[in-house]
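Below is one structure, written out as structure tokens, with a few remarks after it.
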Amino acid sequence: MYTLIGSPATRAFRVVWCLEELGLEQRKDYTIIPAAPGSDEAKKYNPSGKVPALVVGGDVIIDSVAICQFLADKHGQMTFPAGTIERAHMDSWIHFAVDELDHACWVWAKHDWIYPESLKAENVKPACELEFKKAMQHLEERLGDNKYVMGDTFTVPDILLGQCAGWATSMCKFEIPEGKTADYFKRVRKRKGFVKAMRVRNAG
Ligand SMILES: N[C@@H](CCC(=O)N[C@@H](CS)C(=O)NCC(=O)O)C(=O)O
């Protein structure tokens, strides 16, 4: 039984999606403590108060990427063995998702509603939008005609990219270019694991 710390409206959604892709079920295989970011509840598991965290036995893993990769490795799905070329390419996609998509959305959010007015800088939000646009071009070039970023196999970076795309369009109002990129995101977000994870999220 895993315990996920963090409201599923946050990056904790990545972990819910991952758990559901692995065929694990809420209440039977995992429970959620929907701690808000920065809350005292979240700080019980992560000194920074950031979510998500995952309680595994007597241990706590922090950071959505580390958690998703741990689950994928442990359950032997959505990943490739360490030391293979496939794993290196997959890890490269993970860094792309975090550095280019997550970063653009996160900095945008800080300069939109997280920081106090005194720290919000002019032109940061348009710069984030530009970075996101460039990332979409690179995604399309690297994706080519592949179904998922690693070809026919759905892997952890597809979850990260799919979650960031939702965040980018709903929160930042960034555009996803029509064609291969938009089709990729539609494909990823049509998966049963995503649909089930959305049900968990919407149930609150
Ligand atoms: N790299 C971390 C980022 C975690 C993070 O920043 N989470 C946000 C919620 S989505 C948070 O807890 N923010 C509170 C804060 O930054 O103090 C991850 O992917 O888990």
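The values are calculated or read from the model by the stated rules, or taken from the named source; none is laboratory data. Remember, predicted model here, so these are calculated numbers, not experimental data. Virtual Cβ from ideal backbone geometry, glycine too; neighbours counted across all protein chains shown.
Of the residues that sit in the stretch 14-54 and are hydroxyl-bearing (Ser, Thr, Tyr) and away from the ligand (no atom under 14 Å from the Cβ), which one is surrounded by the fewest Cβ atoms within 10 Å (Cβ to Cβ)? Going through the qualifying residues, I end up with 31. Taking the listed residues 85, 67, 61, the one that is modelled with pLDDT of 95 or more and touching a Phe, Trp or Tyr at 6+ places or on another chain (Cβ under 7 Å) is 61, with no other qualifying.
Annotation note: Cβ proximity below 7 Å between a residue of the stretch 33-46 that is more than 13 Å from residue 63 (Cα to Cα) and outside any helix (DSSP H, G or I) and a residue that is modelled with pLDDT of 95 or more and away from the ligand (no atom under 11 Å from the Cβ) (sequence gap 6+ or interchain) occurs for 33/3; 33/41; 35/41.
Residues of the stretch 185-203 that are surrounded by 14 or more Cβ atoms within 10 Å (Cβ to Cβ) and closer than 17 Å to residue 14 by Cβ: 185, 188, 189, 191, 193, 194, 196, 197, 198, 200, 201.
Please go through the stretch 3-13 and pick out each residue that is crowded, with 18+ Cβ neighbours inside 10 Å and in a strand (DSSP E or B). Answer for the stretch 3-13, where residues must be crowded, with 18+ Cβ neighbours inside 10 Å and in a strand (DSSP E or B): 4, 5. Taking the conditions (1) part of a helix (DSSP H, G or I); (2) surrounded by fewer than 18 Cβ atoms within 10 Å (Cβ to Cβ); (3) within 16 Å of the ligand (Cβ to nearest atom) in turn, residue 89 satisfies each one other than (3). The residue list 84, 79 contains one member that is under 20 Å from residue 191 (Cβ atoms), more than 13 Å from the chain's Cα centre (by Cα) and among the hydroxyl-bearing types (Ser, Thr, Tyr), which is 79.
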